[in-house]
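Q: Quick one: structure below, then a few questions.
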Amino acid sequence: MATIQFLGATRTVTGSKHLVEVDGYRTMVDCGLFQGLKELRLRNWEPFPLDPASINSVILTHAHIDHTGYLPRLARDGFVGPIYATPATVELARILLPDSARLQEEDAAYSNKAGASKHKPALPLYTERDATEALRRLESVNYHKMVRLTKKLSFEFVTAGHIIGSSFVLFDFESLDGQRKRMIMTGDLGRYNEPIIPDPSNVDEADYIVVESTYGDRDHPDFDVKAKLAEIINETARRGGHVLIPAFAVGRTQQLLYLIRELEEENRIPILPVFVDSPMAASATKLYLRHTEDHDLEMKDLLDERRNPLATKRFNLTRTIRESKNVSAEEESTIVISASGMATGGRILHHLRKRLPDERNTVIFVGFQAAGTRGRRLVDGEEAVRIFGELVPVRAHIERLDNLSAHADSREILRWLGGFKRAPEKVFLVHGEPGAQETLKDKIVEKFGWRPDTVEIPEYLQKFEL
Ligand SMILES: [Zn+2]
């Protein structure tokens, strides 16, 4: 008996958790936190849909919190199995999960102080100790190494091109009728021709495909992202303003550094102080340089020449709060890259409070902005946003560089699906909002001629036999 059940990232982009069960053995691909809208975040607090102790293992596609951030809670509530991940994902998780726990603890402490919680005292979803416990279960698995979970179920990782360490999970299992079947789960599908990391792997055969659909209804605008970035930096510097970039500490931050370094070397922008204001981004940047197994050829060449591909000329990694405060007090034009990417928390909030009211400044959003986030409100053009309880007027220029997203757009999803030589039995669309998923479904049916009932858009907790 083989089944898949979707415990998250159904008709939404967060909370990825997909339970695969083959003959009583349960493995869960990803264990993400729900983020964004309150009704989704509340799911993190509901009892887990099954006993965590009954899950034999977890397999991680990559380290982003919407794919790993529930692990400490799962472990706290009884999960004791191994957590498989690639070497870079293991290291990234060691940075990201304790940080996520600290945010949970800070949120709870804040609610208690403000008396904002109905629960007294407010408790964190999990603590740093829970995160440390979960991290002990991590087991590093290299790309292309087959792991036999049971006689009837094995998997391997192949590169996904999304962030460092990111992978597809390729399952080999025995189905209901005793046949060998293959299933691929993309986690987050990366982009083609991106700096630093390789393209998504081409896969040509699978019976079941679980694919993300964040940008299923959209193509990243077809403009030269580097030229646009140069233009924004030049205009802002001319106004004497600051460039503020909310960015995920892992992935986008490193890509931005790579592009800004190139622009400086090509004399296309002034040499400004560039601050990466996030201790986590600082650690992640070092890790990006170290994991050569995840580098593309250009990155390898630069490192072979003993150059640092991720350092600009006036480059600063800001670790302490004091240093961070100095950054937001800078008079000279600066470029500040800080987390979180959707401006939902983190040090970027202090910078936004300071910089948003000044029309000389520019805020550049470089990733997907989920519904309900401050980032979404800003890109939707709201005239004021609430930060730390204070209504902050938005006079700064708001720009979007959507094609810096780490997610494949609809063209790229279809390009990747085009690698399969025959129609699968099922394609499950996950990790997307409903409109994007419906559109992608139509495009798949139209482009490949696969039967419409091949493509499923699972509901929360929906289960399918394989
Ligand atoms: Zn991701």
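Q: Of all the residues that make up the stretch 181-191, how many are among the β-branched types (Val, Ile, Thr) and assigned to a strand (DSSP E or B)?
A: 1
Q: How many residues are open to solvent by 20 Å² or more (accessible area, probe 1.4 Å) and more than 25 Å from Arg290 (Cα to Cα) when one looks only at the stretch 55-81?
A: The total comes to 7.
Q: Another question about this same structure. Considering only the stretch 56-66, I want to know if a residue exists there that is modelled with pLDDT of 95 or more, β-branched (Val, Ile, Thr), in a loop (DSSP other than H, G, I, E, B) and under 18 Å from the mean Cα position of the chain (by Cα).
A: Yes, the stretch 56-66 contains at least one residue that is modelled with pLDDT of 95 or more, β-branched (Val, Ile, Thr), in a loop (DSSP other than H, G, I, E, B) and under 18 Å from the mean Cα position of the chain (by Cα).
Q: Within the stretch 273-283, can one find any residue that is surrounded by fewer than 19 Cβ atoms within 10 Å (Cβ to Cβ) and assigned to a helix (DSSP H, G or I)? Walk me through it before giving the result.
A: Within the stretch 273-283, the subset surrounded by fewer than 19 Cβ atoms within 10 Å (Cβ to Cβ) is 273, 282.
Okay, now just the ones that are also assigned to a helix (DSSP H, G or I), so 282.
Yes: the stretch 273-283 contains one or more residues that are surrounded by fewer than 19 Cβ atoms within 10 Å (Cβ to Cβ) and assigned to a helix (DSSP H, G or I).
Q: Continuing with this model, one more query. Please go through the stretch 393-425 and give me each residue that is more than 16 Å from the ligand (Cβ to nearest atom) and farther than 25 Å from Ile364 by Cα, ordered by number.
A: Answer for the stretch 393-425, where residues must be more than 16 Å from the ligand (Cβ to nearest atom) and farther than 25 Å from Ile364 by Cα: Leu414, Arg415, Leu417, Gly418, Gly419, Phe420, Lys421, Arg422, Ala423, Pro424, Glu425.
Q: Of the residues that make up the stretch 351-363, is at least one over 25 Å from the mean Cα position of the chain (by Cα), of a type in the set (Val, Ile, Thr) and over 30 Å from Ile209 (Cβ atoms)?
A: For the stretch 351-363, residues over 25 Å from the mean Cα position of the chain (by Cα), of a type in the set (Val, Ile, Thr) and over 30 Å from Ile209 (Cβ atoms): absent.
Q: Right, something else. Where residues in the stretch 297-310 are open to solvent by 30 Å² or more (accessible area, probe 1.4 Å) and in a loop (DSSP other than H, G, I, E, B), which of them is nearest to Leu272 (Cα to Cα)?
A: Step one: of the stretch 297-310, the residues open to solvent by 30 Å² or more (accessible area, probe 1.4 Å) are 297-298, 300-301, 303-308.
Now narrow it down to the ones that are in a loop (DSSP other than H, G, I, E, B): 305-308.
Values: Glu305: 25, Arg306: 23, Arg307: 20, Asn308: 18 Å.
Checked the stretch 297-310; the qualifying residue nearest to Leu272 (Cα to Cα) is Asn308.
Q: What number of residues in the stretch 424-466 are surrounded by fewer than 13 Cβ atoms within 10 Å (Cβ to Cβ) and either at positive phi or assigned to a loop (DSSP other than H, G, I, E, B) (or both)?
A: Residues flagged as surrounded by fewer than 13 Cβ atoms within 10 Å (Cβ to Cβ) and either at positive phi or assigned to a loop (DSSP other than H, G, I, E, B) (or both) within the stretch 424-466 amount to 3.
Q: Being open to solvent by 50 Å² or more (accessible area, probe 1.4 Å), among the acidic types (Asp, Glu) and within 26 Å of the chain's Cα centre (by Cα) narrows it down to one of Glu133, Glu156, so name that one.
A: Of Glu133, Glu156, the one residue that is open to solvent by 50 Å² or more (accessible area, probe 1.4 Å), among the acidic types (Asp, Glu) and within 26 Å of the chain's Cα centre (by Cα) is Glu133.
The values are calculated or read from the model by the stated rules, or taken from the named source; none is laboratory data. All values derive from a computational prediction rather than experimental measurement. In this analysis, Cβ positions are derived from the backbone assuming ideal geometry, glycine residues included, and neighbour counts consider all displayed protein chains. Surface accessibility is based on the protein's heavy atoms, side chains included, excluding ligands, DNA and RNA. Shrake-Rupley method; radii C 1.70, N 1.55, O 1.52, S 1.80 Å.
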